[in-house]
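Below: the structure, in structure tokens.
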Amino acid sequence: MELERLGLETEEHMVHPDRPNIYGKLRMGDGKRLHFNGHTDTVPVVDGWDTDPFEPVQKGDRLHGLGRCDMKAGIACTLNMIRAIVDSDTEFKGELSFSAVIDEEAMGDGAVALLDTDYRNVDAVVLAEPYPADESKPVPLGIVGKLLYDIHVYGTAAHDFTPEQGVNAVEEAGEILANLDKLEFQEHHKFGKGNYSTLKIEGGYDIYSVLVPAYCRFEVNRLIVPGETVEGAVKDMEKLVESLGLKSSVAVKIKPPRYESFEMDPEESILKLFHGVYTDVMGIEPLYMYSKSITDANTFAGVGGIPCLHLGPKRGDTHKANEYVPLSWLPPCSEMYTRIALGFLN
Ligand SMILES: [Zn+2]
């Protein structure tokens with residue numbers, strides 16, 4: 001494949017059956033390690049496409065197709081950058097590597113698997129996601145995290161005419177839900193506070209029966225801000241449940257996906273380098289934000305502690321019908337990647 005043709009040392013990492021992460025690296029002596037990352041999956045096809053989503057169709061400056069923008073265009077620019085460096089025999093110090101990972105649009109298992117490899121120790125990651133650093137999508141300096149509480153309430157069944165002899169799991173679950181506003185949310189100077197939203201509840205009979213329900217389960221989504229962790233949020237829920245003095249027994253669990261939040265220092269070397277390169281190439285200063293859109297950086301930076309830069313071609317309706325990438329964005333993006341790679345590794 002292309003990475004091998006370019007002389008990279010490549011590796012296939014089977015994360016799920018027939019769903020591998022692909023890695024490639026180029027090493028030139030001792031120095032820092034810079035990693036470029038993209039995801040190979042897309043969101044499902046939605047209704048409303050004017051063209052075949054699986055065929056690239058060019059209309060003027062727009063290249064339409066599923067995943068064209070999110071994020072095949074960014075991966076193409078990354079390969080362009082690697083090819084430019086290899087073909088021109090440009091030297092650098094250290095390691096330039098690339099990964100194409102699975103599952104970003106779902107559970108993020110590809111990024112989690114990458115942290116089990118030696119790439120966990122790279123000095124910075126550039127995510128080739130569609131973040132053009134303009135008003136449409138500024139570069140994130142931090143991203144919220146989220147978790148999904150999976151709460152099981154175990155009561156005691158009894159005949160419905162003598163409910164006092166049982167413990168009604170549905171009513172006890174209702175008690176917890178009515179008190180969710182007592183969860184303790186930390187305040188973050190940019191994000192403010194996180195939040196919660198109950199997404200699902202199930203309990204009671206399948207077929208009508210006069211029985212006090214012994215079991216109820218519900219799921220609550222919670223956003224956390226930098227400073228809060230998934231583990232801390234679980235303890236917070238356990239504390240809340242305990243404070244209610246319920247008669248049932250309650251198990252506070254979480255289920256995938258889980259994403260840790262993170263915040264970066266704007267003085268971080270990859271960000272400072274990016275700022276200068278962007279200003280030079282685009283002729284304007286990049287814009288920054290604190291973002292609520294989850295990406296694989298929640299794993300790389302939030303869990304792995306690796307500084308992450310999001311930079312990629314301008315968005316054209318991602319996650320919608322008729323997704324496209326503006327082709328005019330590919331040359332400047334490839335150039336910025338090249339300058340960032342050589343700047344970081346010299
Ligand atoms: Zn994406």
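Counting trypsin sites (Lys or Arg not before Pro) as exposed when in a DSSP loop with at most 16 other beta carbons within 10 Å, what is the longest stretch of the chain free of them? Before the final figure, lay out the partial values.
Working: sites that count: LYS93, LYS190, LYS247, LYS292, LYS320.
Result for the longest clean stretch: 94-189.
Rounding to the nearest 20 debye, state how big the charge dipole of the chain is about its Cα centre with +1 on each Lys and Arg Cβ and -1 on each Asp and Glu Cβ.
On the way: 33 positive and 56 negative charges, 81 e Å.
With Lys and Arg at +1 and Asp and Glu at -1, about 380 debye.
Identify the GluC sites (Glu not before Pro) of the stretch 1-96 meeting these criteria: DSSP loop state and at most 12 other C-beta atoms within 10 Å of the C-beta.
Working: sites: GLU2, GLU4, GLU9, GLU11, GLU12, GLU91, GLU95; in loops: GLU91.
Qualifying residues, ordered by number: GLU91.
Which chymotrypsin sites (Phe, Trp or Tyr not before Pro) in the stretch 5-77 sit in a loop by DSSP (not H, G, I, E or B) and have at most 11 other Cβ atoms within 10 Å of their own Cβ?
Numbers: sites: TYR23, PHE36, TRP49, PHE54; in loops: TRP49, PHE54.
For chymotrypsin sites (Phe, Trp or Tyr not before Pro) across the stretch 5-77 that sit outside H, G, I, E and B with at most 11 neighbouring Cβ atoms in 10 Å, the list reads PHE54.
Using the basic label-point model (7 angstrom from Cα toward the beta carbon), what is the VAL45 to VAL57 distance in nanometres?
Each label point is offset 7 Å from its Cα along the Cβ direction, giving 1.1 nm.
Only loop residues by DSSP count here, and only those with at most 11 other Cβ atoms within 10 Å; note down the GluC sites (Glu not before Pro) in the stretch 210-275 that meet that.
Details: sites: GLU219, GLU228, GLU231, GLU238, GLU242, GLU260, GLU263, GLU267, GLU268; in loops: GLU228, GLU260, GLU267, GLU268.
Counting only loop positions with at most 11 other Cβ atoms within 10 Å, the GluC sites (Glu not before Pro) in the stretch 210-275 are GLU267.
Readers should treat all values here as calculations from the given coordinates under stated rules, not as data from a laboratory. Keep in mind that this is a model prediction, so the values were computed, not measured. A quick note on method: Cβ atoms are made from the backbone with ideal geometry, for glycine too, and the neighbour counts reach across all protein chains shown.
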